[in-house]
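The values are calculated or read from the model by the stated rules, or taken from the named source; none is laboratory data. Please read these numbers as outputs of a predicted model, since none were measured by experiment. For neighbour counting, all protein chains shown are included, and Cβ atoms are generated from backbone atoms with ideal geometry for every residue, glycine included.
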Amino acid sequence: MADDPRRLRLYVQSKKAVTTFYRAPTASTAPGIGPNVSTSLATTDAAVTSDSPVHFLSDDQARCVAVAEEVAHERGYHIEVIDIEKVGRLERLVTEHLRSVSSFPVLLTPRGQRLEGVAEFTGPKLAELMPTELKAVRAFTYLKVHGGDLDRIRQTLETFPEVRELHFLTGDWDVLVVLEFPAGGANKRAVLDFVTERIRGISEVLDTSTVVPEYTVTKFPIY
């Protein structure tokens, strides 16, 4: 697993139950009847039962598996699910240095990071363990504004779908705007066109300075 940073292991702990299944009697050819005609022998052994062990996950662990696999699929990772009750618990815990684990499931990354327990399996925490390249175009624009009504400036900026975050600052710049454009739908010039035409079109905006990264890796959830 250490050779591939995008392959993670998810350890779950199933419960084992022994349940009785009904097995229909096997058809048999009665003496004196041709080989093409068969009949079920009505004996006390006709209804055969078999005790078979069955492994099942609790609903909360099953939900954790589903959420982890969904996040992994979105971010280009692969998760191997391992049931410690089926592969040998002691051997697996020692091998993976999980002897201190007190609750399952446990998600283990090649870097040694892990999530343990049902409560930890949230979208943000899973995204934290699976950083990925951001396919959307994200840019950062600093604004210098001239007095005016900051609430109105905020409300105006919030009407633009491209504006994802607003940070109000102290110092040389007054506002930091985080912009995001769909993958393939914008380049650096398109971003700057948006800033100069839409944002600088707000009467209180005096000046702007925009940074467009060439490459972005994110640990935030991708919505």
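When LYS125 is tested against the conditions (1) surrounded by 14 or more Cβ atoms within 10 Å (Cβ to Cβ); (2) not assigned by TED's automatic domain parsing to the domain that holds VAL12; (3) not in a strand (DSSP E or B), the lone failure is (2). Apart from one condition, THR43 fits all of (1) modelled with pLDDT under 55; (2) of a type in the set (Ser, Thr, Tyr); (3) surrounded by 11 or more Cβ atoms within 10 Å (Cβ to Cβ); the exception is (3). Remark: pairs (first residue in the range 41-66, on the phi < 0 side of the Ramachandran plot; second residue at pLDDT below 80 and acidic (Asp, Glu); Cβ separation under 9 Å; 6+ apart in sequence or on different chains) are absent.
As for the range 5-27, it holds no residue that is closer than 21 Å to GLU128 by Cβ, at pLDDT 60 or above, in contact with a helix residue (DSSP H, G or I) (Cβ under 8 Å, 6 or more places away or on another chain) and of a type in the set (D, E, K, R).
What about THR132, is it of a type in the set (Ser, Thr, Tyr), surrounded by 14 or more Cβ atoms within 10 Å (Cβ to Cβ) and out of contact with any Leu (no Cβ under 9 Å at 6 or more places or on another chain)? In short, yes.
One residue alone among ALA127, ALA119 is modelled with pLDDT of 90 or more, small (Gly, Ala, Ser) and closer than 22 Å to ASP4 by Cβ, and that residue is ALA127.
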